[in-house]
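The structure appears below as structure tokens.
Computed from the coordinates by the stated procedures, all read-outs in this text should not be read as laboratory data. Fair warning: this is a prediction, and the values are worked out from it, not measured in the lab. As a convention, Cβ positions derive from the backbone with ideal geometry for all residues, glycine included, and neighbour counts pool all protein chains shown.
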Amino acid sequence: MLKVLDHLEEWLIATLMAAATTLIFVAVVHRYLSGLPWPAMQDALLEINISWAQELCIYMFVWMAKFGAAYGVRTGIHVGVDVLINRLAPGVRGKFIVFGLLAGALFTGTVAYLGAHFVWENGAHYAFYRAVGVDTEALGLFEGPTTPDLEWPTWMVYCAIPLGSSLMCFRFLQVAWSFIRTGELPHHDHGHVEGIEDEGDESIIPYNLDDNLHPRSTGKGDRS
């Protein structure tokens, strides 16, 4: 089940990134060609309205950022200042790490709850009651605001907050549980390129490097 969630997370981020990049490219080319003094092509391009492209790209990048943050927690790519933490004794260091992960889960869980409440009050309640056949006018409910160009209900866009924050909260708890069991944190090698074989010494364990620059393990999951 977790593998499915991992793949969905990765595919969503990659799809949003590819779609946003393609849309921006098309919008820039359209804007450039529309300014050329070629009457036939200019008239044809001006009839194509893609003024909504910028707004849609912003929304896609917001969704990509929210789910990308959760992906970063799972893979350990978030930047953290851990110079002081790495100088602590293994037992004390482990307690601080667990505290930090649980604090992250608490914060993102709170954001998810408040975000869900905001989305519900922003128009999601109206859409839900209408979908189940409730007379919204009798209850005095009205449709929420819409976006300027696309004219989409804003609650659909704001769903990125509770959904992305909920996933991020789950990832914090997942990493905390894994650390408690194994004593290891997710580690991402920023010098590694996917698909290219590393020629370094595989016997080197970054958690065992005593240079205060690499994360250290508590000793539970170290290889001898």
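Key figures for this structure:
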read-out: Potential lengthening between residue 146 and residue 52 on full extension [0.36 nm per residue; Cα-Cα distance subtracted]; value: 32.5 nm
read-out: Cα centroid separation, the range 126-171 to the range 75-114 (Å); value: 32 Å
read-out: Label-to-label distance, nm, for residues given as residue 88 and residue 5 (7 Å Cα→Cβ offset); value: 2.6 nm
read-out: Computed E for residue 110/residue 132 - FRET, C-beta separation, R0 35 angstrom, nearest 0.05; value: 0.75
read-out: Compactness index (Cα Rg / 2.2 N^0.38 Å), the range 2-187; value: 1.39
read-out: Ranked 159, 169, criterion: other C-beta atoms within 10 Å, fewest first; value: 159, 169
read-out: Packing rank of 31-40, 101-110, 15-24, where each peptide gets the mean count of other beta carbons within 10 Å, highest leading; value: 101-110, 15-24, 31-40
